[in-house]
Amino acid sequence: MSAQTGKTNAVEEIKRVSRGLRGSLLASLADPVTGALREDDQTLIKYHGSYQQDDRDIREERRLAKLEPAYSFMIRTRTPGGVITPAQWLKLDAIATTYAERGLRITTRQAFQFHGVIKTELKSTMQAINAALIDTLAACGDVNRNVAVAANPLLSRAHATVYAQAAALSEHLLPSTRAYYEIWLDEKQVAGSPQFDEPIYGATYLPRKFKIGFAIPPYNDVDVFAQDLGFIAVIVNGALAGYNVSIGGGMGASHGDPETYPRLGDVIGFVSPAQVTAVAEAVVTAQRDHGNRNVRKRARLKYTIDDHGLDAFTIEIERRAGFRLAPARAFEFHHNGDRFGWVEGDDGRSHLTLRIPAGRIVDTAQAEGPGVRHLSGLREIARVLHEHDEGAEFRMTPNQNLVIAGVPAARRDVVDALVALYGLDGYRSASPLRRNALACVALPTCGLAMAEAERYLPELLGKLETLLQKHGLQDAPINLRVSGCPNGCSRPYLGEIALVGKAPGRYNLMLGADHRGQRLNTLYRENIAEPEILAALAPLLARYAAERQADEGFGDFLLRAALLAQAPAVPEVSA
Ligand code: SRM
Ligand code: SF4
């Protein structure tokens, strides 16, 4: 395979001259005149796990008042598999309350985000996160991101093994620069030690972000085919035999640009657990050397694979890894959502999955009654679990929900009581549509949002529920995903119904994915507002109610009944 040549894009140059991601971040942070960083540092800080943002709700008002935008920073944790201890929960909760706005936010990759941290408090916040033994290194930027792991509470033993493998891989693929520790944790540069050596990444890191996910069938909660690199665990008689390897998944696209598109990963073979690190490093370094560094929008692994061919890329991976992949084993996914409520694990412990609407852990007041107090309630639960120190943990799910995992039988009652007291049992009465819905952050913090997502979700759900009820479909487990722009942070192209933001109040309506994360949806109506969205869905839901077969999903039905404006262009991933 030939490496990329030619003029590189501006971000490549910023990385190249950054001295191992240091740039002028220290000077930028110390500048008292502005709440912002210097331009190049705005790129570099991403590798440290933070984004400079501004409050878009008041952007215009501040412009008119001749004030600089209301700058603040989003910080994202690196929490492989979304696993944290109750003690860590309490610390992160305190950080959110002290330094951030809008509570704790669980992301679609099992991380926490803090929003609204101001520049002068950025370092204290980073230090507090690290004091909780959690870092934010490589949570963003052109590197391997937070490694996602199935939160599957049923297979506790398999989860423990796969989680350990994922956490080790996350460590292995960390950048080796000490910049993070120097800038945020005051580590002194050691004279004579290599400052900028990056054995895996090299001086310019990867051409683009890189994502890895570990799935444990039959649940595909990580949406393994949306990952650049996916590992599908093969469990035989309760023991991990190895993984099927999938490469080239990705969601992001730009409106009206056929050069960009969502793509599902291809399963290229099977590896043993001992081969995981080698194959991952081979994929990462092949992408490092062959990914497109000229045109950033074509730099993801999915395009490298399409540009060079899947077979050629697979041969390159095998050459770098030093072994041939074994033929892929059979696998079967049932769905890509979460299971709610209590389940018994195979290790005698119980796991409680709670619904967290759009992952936002805050206390919401209600006109009457106590409201839903996720932040306070989970703090109390964390206190109890921490006090007893019996190995229980919190697991964020890739669907923005939360598992209180490994709860011993003796502690279930107190957890249940707190769940009821703080109104955290919304999953019980929520419709399947509401339970499964995902929405990305979008406005007011996301600089790329074209339309609302997280803030619009509750209103949209209410209207869709009314529509479903009208057709007797209130119990239909339809999978809804909303993104404020085509970048696809809620993995909308895998939604049975998806809205992808086009402009304020206007969305592309996408339909026809399955509920196993194995088939992309397709554009049904372009750039429409809510009344048209509801009007477009009404006759389709009516037909679904009348003609669906037993257990047939909405997306599957639309395809079978040939009701889509155009058939999905990409065949579904099969075992
Ligand atoms: Fe994302 C950029 C939020 C998961 C595809 N994403 C952004 C930024 C940082 C906007 C920006 O670049 O300025 C958003 C910050 C919003 C905010 O205010 O917090 C943002 N992405 C998120 C989160 C928080 C969505 C959520 O509501 O949970 C997720 C954080 C994940 C994490 O913990 O690491 C998040 N983003 C995803 C996913 C889903 C996934 O990884 O499973 C995708 C689709 C998969 C993929 O990568 O293809 C995704 N985000 C993007 C893209 C498009 C990338 C592309 O190559 O096409 C961008 C824009 C970019 O990178 O230029 C983006
Ligand atoms: Fe922002 Fe778009 Fe991602 Fe939503 S999908 S968080 S609007 S980048």
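What follows draws every value from the coordinates through simple rules; no lab data is involved. Quantities reported herein were computed from a predicted structural model and do not represent experimental measurements. Neighbour counts are summed over all protein chains in view; Cβ atoms, including those assigned to glycine, are modelled from backbone coordinates with ideal geometry.
Annotations
- Bridge type composition, the range 478-575 - antiparallel percent by DSSP, nearest 5: 70
- Global geometry of the range 86-220, whether rounded, prolate or oblate, following the gyration tensor of its Cα atoms and the 1.5 cut on a/c: oblate
- P(r) tail, the range 422-519: Cα-Cα pairs separated by more than 21 Å, 32% of all pairs.
- The chain - percent relative contact order, Cα under 8 Å, separation 6 or more: 13
- Dipole magnitude (debye, nearest 20) for the chain, charges at Cβ of Lys, Arg, Asp, Glu: 720
- Shown for the chain: cysteine residues without a partner Cβ closer than 4.7 Å, namely 140, 446, 485.
- Taking 24 Å as the limit for the C-alpha separation, the pairs 66/123; 46/119; 15/211 exceed it in the case of 66/123.
- Ignoring lysines fewer than eight residues from residue 463 along the same chain, the ones with Cα atoms less than 26 angstrom from its Cα are 502.
- Computed over the range 450-575, the quotient of the alpha carbon radius of gyration and 2.2 N^0.38 Å is 0.98.
- The Cβ shell under 15 Å around residue 550 holds other residues with a net charge of -3, Lys and Arg each +1, Asp and Glu each -1.
- Summarising the amide proton neighbourhood of residue 335: residues at separation of 5 or more, or on other chains, whose placed amide H is nearer than 5 Å comprise 220.
- Kyte-Doolittle mean at least 0.5, axial Cα span of 15 Å or more - DSSP H helices of the chain: 530-547
- Amide H contacts under 5 Å for residue 110: 400, restricted to partners 5 or more places along the chain or on a different chain, H placed in the peptide plane at 1.01 Å from N.
- The mean sequence separation of alpha-carbon pairs under 8 Å and at least six residues apart, normalised by the residue count of the range 239-285, gives a relative contact order of 41 percent.
- Residues 334, 290, arranged from fewest to most other Cβ atoms within 10 angstrom of their Cβ, appear as 334, 290.
- Computed helical MRE - 222 nm, the chain, DSSP H runs ≥ 4 contributing -39500 (n - 2.57), nearest 500: -9500 deg cm²/dmol
- Radius, Kirkwood style, for the chain when every pair of distinct Cα atoms is counted (Å): 24.3
- Couplings 3J(HN,Hα) for the range 393-406, derived from phi with the Karplus relation 6.51 cos²θ - 1.76 cosθ + 1.60 (θ = phi - 60°), are 9, 9, 10, 6, 9, x, 9, 6, 9, 9, 9, 8, 9, x Hz, where x marks Gly and Pro.
- A simple rule links phi to the HN-Hα coupling: the Karplus curve 6.51 cos²θ - 1.76 cosθ + 1.60 with θ = phi - 60°, which for the range 333-345 gives 9, 9, 6, 10, x, 9, 9, 9, x, 7, 9, 8, x Hz, with x for Gly and Pro.
- Diffusion coefficient (Stokes-Einstein, Kirkwood radius over C-alpha pairs, 25 °C, 0.890 mPa s) for the range 167-282: 148 µm²/s, rounded to a whole number.
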